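Comments concern the structure below.
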Amino acid sequence: MPLAPLFAERLHLFEELPRMEAIEKFNEPVTEYQSPPLAVEEFTVKHESANVPVLVYRPYQSVGNLPVLIWMHGGGFRMGTYKMIEGDVVSREMAHRAGIMVINVEYRLVTDDLKFPAPQDDCMAVLDWAVKNAERLGIDKNNIFVGGISAGGCLAASMAVADRNNGNHYIKAQLLNCAVLHKALPPLSEELQGKIDEINGFGLTAKMIDETREFAVGGNVAAAPNEWWAGELEDLSGLPPAQIINCEYDALRASGEKFAKQLQVAGIEHELITQAGVPHAHLNRIPADCKEVGETLDEMVRYIQEFI
C-alpha cells in the first residue's frame, strides 16, 4: 500500500530542514490527545540495582482482578520515556479498549556508563513486582502479557526468554511491535527493499540499528549473550505465544519476519501481521491523527482477548 498520508505529506521535511528539526516536525501531533476515562497511579519498583518508575492504568468502574499488559516504550535503548505517545497513550488506549490493566515501564536507558542488561533487569523486576503484588494491585496472575515497541519489543521478548529460563512461566503471551529481535539485521527481501527505496531511505538503516546495539552492549554485539535478542536463541521451545506486528515501510520488518519463521520451526504459537502504509514506530502517533494506529491497537486488543 502507499505510505499513509500523515507520513507521506511530511517526507519533504527531510529535504528542507536539518535532520533533528525535521524529525521533530515529522513527529508533531496534529490534534490534542483526549484520554479515555482511566484511573492512573504511579509506583516505584525497587530492586537491587535501581528504582524503576511505573504508571499503572485501570479502566474506571472495573471490578475484580484484571488481566495485565506490561508495556515498554522504544527509543533505541538510549532515548525515550514512558510518558511519550508510544508509552503513555498506547497504555491508555490498551487499558480502555481491552478492559485490562496496563503497567507502563520507565526502564533505565543505556548511557556511556550504563549498559545491558540494566533495562532487562528493570523489566524483569517489574514482572516480579506485579506477581508479588497481584492481590493489592488487582491483577489476574493467570493473564499476564508483555509487550513493547522497537527497543521495547526487544525487551519484552527477552523477558519471555528469561521467564522461560527461570521456570516461572508467568507470561501468557508477548506482543512485539516492530521489535529488534536479532543481533544483526537480517537481509531485506526484494519487496521490503523496494518499500525502503520508495521513501528514499527515510527511517532506520542497518547501520543505525547496528550502532544502537553496539552502544547498548558497550562494544562487541556478537559476543553479547544471545538471551538479550530472542531471535538469536537456538532453542525457542517453551516460549509463550507471540503476536508480531511489523510496519510495512520499516527495515526492522526483516527481523520480525525472520523471528516468525523461527517460531514456526520451533512449534510456538504465533501470528505475523504487517501494518500497511506505515514506517517504523507508527504507534508514536495519536490515534486520531493516524487511522493505522487504531488498526494496530485493535489487533493487539483482539490478540489479548483471545487468551482471556
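The values are calculated or read from the model by the stated rules, or taken from the named source; none is laboratory data. Remember, predicted model here, so these are calculated numbers, not experimental data. Methodologically, a virtual Cβ is constructed for each residue, glycine included, from the backbone with ideal geometry; neighbour enumeration extends over all protein chains shown. Areas reflect the complete protein model, heavy atoms only, side chains present, ligands, DNA and RNA absent. Shrake-Rupley method; radii C 1.70, N 1.55, O 1.52, S 1.80 Å.
The table below lists the values:
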{"quantity": "Residue match in the range 289-306 (condition: modelled with pLDDT of 95 or more and part of a strand (DSSP E or B))", "calculated": "no"}
{"quantity": "Flag if Arg97 is outside any strand (DSSP E or B), over 24 Å from Asn165 (Cα atoms) and at pLDDT 95 or above", "calculated": "yes"}
{"quantity": "Counted residues, the range 247-274 - those being crowded, with 24+ Cβ neighbours inside 10 Å and assigned to a strand (DSSP E or B)", "calculated": "2"}
{"quantity": "Of all residues in the range 190-214 being open to solvent by 50 Å² or more (accessible area, probe 1.4 Å) and assigned to a loop (DSSP other than H, G, I, E, B), the one that is farthest from Cys123 (Cα to Cα)", "calculated": "Asn200"}
{"quantity": "Residue that is most open to solvent (accessible area, probe 1.4 Å), among those in the range 158-184 that are assigned to a helix (DSSP H, G or I) and over 19 Å from Met79 (Cβ atoms)", "calculated": "Asn165"}
{"quantity": "Selection status of Tyr107, modelled with pLDDT under 95 and either of a type outside the set (A, V, I, L, M, F, W, C) or touching a Ser or Thr at 6+ places or on another chain (Cβ under 7 Å) (or both)", "calculated": "no"}
{"quantity": "Output for the range 131-157, where each listed residue is open to solvent by 10 Å² or more (accessible area, probe 1.4 Å) and part of a helix (DSSP H, G or I)", "calculated": "Val131, Lys132, Glu135, Arg136, Leu137"}
{"quantity": "Verdict on Thr111 being surrounded by fewer than 16 Cβ atoms within 10 Å (Cβ to Cβ), in contact with a helix residue (DSSP H, G or I) (Cβ under 8 Å, 6 or more places away or on another chain), free of Cβ contacts under 8 Å to residues at least 60 places away in the same chain and closer than 30 Å to Asn220 by Cβ", "calculated": "no"}
{"quantity": "Residue within the range 235-256 that is on the phi > 0 side of the Ramachandran plot, modelled with pLDDT of 95 or more and of a type outside the set (Ser, Thr, Tyr) present", "calculated": "yes"}
{"quantity": "Residues located in the range 237-246, provided they are open to solvent by less than 10 Å² (accessible area, probe 1.4 Å) and among the aliphatic types (A, V, I, L, M)", "calculated": "Ala242, Ile244, Ile245"}
{"quantity": "Filtered residues of the range 100-130 (kept if assigned to a loop (DSSP other than H, G, I, E, B) and farther than 14 Å from Val54 by Cα)", "calculated": "Ile100, Leu109, Val110, Thr111, Asp112, Asp113, Leu114, Lys115, Phe116, Pro117"}
{"quantity": "Selection within the range 225-235 - open to solvent by 10 Å² or more (accessible area, probe 1.4 Å) and under 22 Å from Pro187 (Cβ atoms)", "calculated": "Asn226, Trp228, Glu232, Leu233, Glu234"}
{"quantity": "Criterion violated by Val265 - all others in (1) touching a helix residue (DSSP H, G or I) at 6+ places or on another chain (Cβ under 6 Å); (2) over 23 Å from Phe77 (Cβ atoms); (3) hydrophobic (A, V, I, L, M, F, W, C) satisfied", "calculated": "(1)"}
{"quantity": "Residue that is over 25 Å from Phe7 (Cα atoms), in contact (Cβ under 8 Å) with a residue 12 or more places away in the chain and over 17 Å from the mean Cα position of the chain (by Cα), where the choices are Ser189, Ser237", "calculated": "Ser237"}
{"quantity": "Inter-residue pairs, beta-carbon under 7 Å, first without any contact (Cβ under 8 Å) to a residue 12 or more places away in the chain and in the range 47-62, second among the polar types (S, T, N, Q), 6+ apart", "calculated": "Asn51/Thr44"}
